[in-house]
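Read through the structure below, which is laid out as structure tokens, and then see the notes.
The values are calculated or read from the model by the stated rules, or taken from the named source; none is laboratory data. Computed from a predicted structure; not experimentally measured. Note: ideal-geometry Cβ built from the backbone for every residue, glycine included; neighbour counts use all protein chains shown.
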Amino acid sequence: MATPDLVFDRARVAEDTLVGEVIIRHRLSTRVIHWAVALFFFVSLVSGAPIWTPVFGWMASLLGGLNVCRVIHPWAGLLFFAGSVLMFVRWRGDMRIEPGDRQWLGLKSVRYMDHKEADVAVGKYNGGQKLFFYAAALGALGLLVSGIVLWLPMRFPQLVRWVGILLHDATFILFAIAVVFHIYLAVFAEPRTLRAMTRGTVTKGWARLHHPGWYREVVEEPRERG
Amino acid sequence: MPQGLAIRRSSASLWGGKTGLRKLPVVAKYIDTTTCIGCKACEVACQEWNDLKVVPTQQTGSYQTMPSLTADYWNLIKFSEREDKDGGFLWLMRKDQCMHCEEPGCLAACPAPGAIVQYENGIVDVDPTCCIGCGYCISGCPFDIPRFDAGTAKMSKCTLCVDRVEVGQGPACVKACPTGCLQFGTKDDMVAIGQARVEQLKANGLSQATLYDPPGVGGTGVVTVLGHGDHPEWYGLPRDPHVPWGVKLWKQVLRPLGMLAIFGSVLGAFGHFMTRGPTEPGEDAERGDA
């Protein structure tokens, strides 16, 4: 029987292995990158939203006013992008698109949310997660490019400024919606998911339910081999 | 910002930010490019009155003081040399500064509540206590006027000497003009003077003379007599300035839709939770921890 200390120790360095009754899903460095990106995302959100619309003006007071937001926002955005790059490089290997994944662009996502999707082949990430991964990477790039135009408007021609503003807005809106669902799924809709990103481990039952292909790889195949 | 003036419109403010007090006549500055002699007394007067920093002259190959306005130089005579259709030489000069639009693109683009205001008398002003120096006004202005002041991290531009106008004086530039090509008064009076001058010019052979008061921005607080009104670009003026489509699409379409979509996604997630509920892992929900 693995003691909790052993589980935590193993979860610092190992990933995709069974330790006692739990499976390590994200090793420590992966989790740190995730939360760094999340932190920079929320600092960017709280400093950017009051500049977007006075409806969110109250967020500015959390940081010390609109002037502070204007100073912080571009730098927080840069850090968010840097973190996103790191995340992209780290996770890319697990995010290879497989034949069935493309269906998640369509009705498969709806069936999944309707609890009518039971795919025994789903590996460490399902098609929806992969879709979110690539959309977020693209979104981070779009926010960076358009954000630089907004940061230094005097360096760009008028048409580029307008395109930059519209691109920054549209990308932010899509990103915000995606993050709402990301948090909803991880925290509310699929209990026991959040711990994969905090302690790094998940239960066998969780893995069998959400990622049966990954469960087999991690739990059953090593046993057959060993 | 002058306390005596009521505000007609204020940036990023609910219902436009109108204070609703004290109706004032709309004022305007009149510029007659045909009687301007390019002496730059207006440039000096502007620097003096507004206590702007000394900006060294930058050689541009003409009489022009520098290539374009800066954060410390709000009033610049633009010199241009052109050929008319008969091959005749034209030496044109126009005083460039904030046009004080009736529909200011800068104000529409500004995200900081109260940073750009339009007073009841039509003057468009930057309030540095509210300005955050983001530069969105640059993207909103069809005349390329607002400048970022790196020293204060705020935007700056011509105020139409609102501090003088407020106490019944004319702008400093107008006060200094030796030829009378600059005048100041109510918009109605300035338009009347301008139209009379245009008729005079037409009678004297400048058949294309016009009074530049572009309707695309609702008219401007600076009306300009152009001898060659069929070519406003010769004077460095846009032919048909508007509040940019990019700014309108952003503030009037994308932003409300985006807010609906974001709030809608939160509601949608909540609705999903109530109607479909969570997906609980099966029998071995070990130790019940989340």
Of a type in the set (Phe, Trp, Tyr), buried (at least 17 other Cβ atoms within 10 Å of the Cβ) and closer than 30 Å to B:ALA109 by Cβ: does that describe A:PHE175? yes
Does A:PHE41 count as crowded, with 19+ Cβ neighbours inside 10 Å and assigned to a helix (DSSP H, G or I)? yes
On the given criteria, is A:HIS115 free of Cβ contacts under 8 Å to residues at least 40 places away in the same chain, touching a Ser or Thr at 6+ places or on another chain (Cβ under 9 Å) and surrounded by fewer than 15 Cβ atoms within 10 Å (Cβ to Cβ)? yes
When every residue in region A:178-200 that is crowded, with 18+ Cβ neighbours inside 10 Å and closer than 18 Å to A:LEU45 by Cβ is compared, the one farthest from the other protein chains (Cβ to nearest Cβ) is A:VAL179
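Here is a yes/no grid of residues against (1) within 7 Å of another protein chain (Cβ to nearest Cβ); (2) surrounded by fewer than 17 Cβ atoms within 10 Å (Cβ to Cβ); (3) charged (D, E, K, R):
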site: B:LYS187; (1), (2), (3): no, no, yes
site: B:ALA192; (1), (2), (3): no, yes, no
site: B:LYS202; (1), (2), (3): no, yes, yes
site: B:GLY205; (1), (2), (3): no, yes, no
site: B:VAL217; (1), (2), (3): no, no, no
site: B:LYS251; (1), (2), (3): no, no, yes
site: B:PRO256; (1), (2), (3): no, yes, no
site: B:GLY277; (1), (2), (3): no, yes, no
How about region B:86-166: which helices (runs of 4 or more DSSP H) wholly inside it have at least 3 residues that are within 13 Å of chain A (Cβ to nearest Cβ)? B:105-109, B:136-140
Yes or no: region B:68-83 includes at least one residue that is crowded, with 19+ Cβ neighbours inside 10 Å, in a strand (DSSP E or B), of a type in the set (Val, Ile, Thr) and not assigned by TED's automatic domain parsing to the domain that holds B:GLY185. yes
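Residue by residue, here is whether (1) under 30 Å from A:PHE56 (Cα atoms); (2) of a type outside the set (Gly, Ala, Ser); (3) under 16 Å from the mean Cα position of the chain (by Cα) holds:
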{"position": "B:GLN58", "(1), (2), (3)": "no, yes, no"}
{"position": "B:MET66", "(1), (2), (3)": "no, yes, no"}
{"position": "B:PHE79", "(1), (2), (3)": "no, yes, no"}
{"position": "B:PHE89", "(1), (2), (3)": "no, yes, no"}
{"position": "B:LYS95", "(1), (2), (3)": "no, yes, yes"}
{"position": "B:ALA108", "(1), (2), (3)": "yes, no, yes"}
{"position": "B:PRO113", "(1), (2), (3)": "yes, yes, no"}
Is one or more of the residues making up region A:4-21 of a type in the set (Phe, Trp, Tyr) and either modelled with pLDDT under 95 or farther than 30 Å from A:LEU144 by Cβ (or both)? yes
In region A:83-129, which residue that is under 21 Å from B:PHE273 (Cα atoms) and among the aliphatic types (A, V, I, L, M) is nearest to the other protein chains (Cβ to nearest Cβ)? A:MET113
Return a yes/no flag: does region A:68-80 have any residue that is more than 13 Å from chain B (Cβ to nearest Cβ), over 22 Å from A:GLY200 (Cβ atoms), in a helix (DSSP H, G or I) and among the aromatic types (Phe, Trp, Tyr). yes
When you check A:THR203 against the structure, is it polar (S, T, N, Q) and more than 14 Å from B:PRO278 (Cβ to Cβ), yes or no? yes
Residues (facing chain B (nearest Cβ under 9 Å) and under 11 Å from A:VAL22 (Cα atoms)) located in region A:203-221: A:THR203, A:LYS204, A:GLY205, A:TRP206, A:ALA207
Hey, does region A:143-165 have a residue that's under 28 Å from B:HIS272 (Cα atoms), over 15 Å from the mean Cα position of the chain (by Cα) and surrounded by 14 or more Cβ atoms within 10 Å (Cβ to Cβ)? no
Across region B:219-249, which residue is nearest to the other protein chains (Cβ to nearest Cβ) among those that are within 20 Å of B:VAL124 (Cβ to Cβ) and among the small types (Gly, Ala, Ser)? B:GLY246
Starting from residues that are part of a loop (DSSP other than H, G, I, E, B) and not polar (S, T, N, Q), keep the ones in region A:48-66 and report whichever is farthest from the other protein chains (Cβ to nearest Cβ). A:GLY64
Give the residues of region B:228-284 that are part of a helix (DSSP H, G or I), of a type in the set (A, V, I, L, M) and either within 30 Å of B:THR34 (Cα to Cα) or free of Cβ contacts under 8 Å to residues at least 24 places away in the same chain (or both), sorted by residue number. B:LEU249, B:VAL253, B:LEU254, B:LEU257, B:MET259, B:LEU260, B:ALA261, B:ILE262, B:VAL266, B:LEU267, B:ALA269, B:MET274
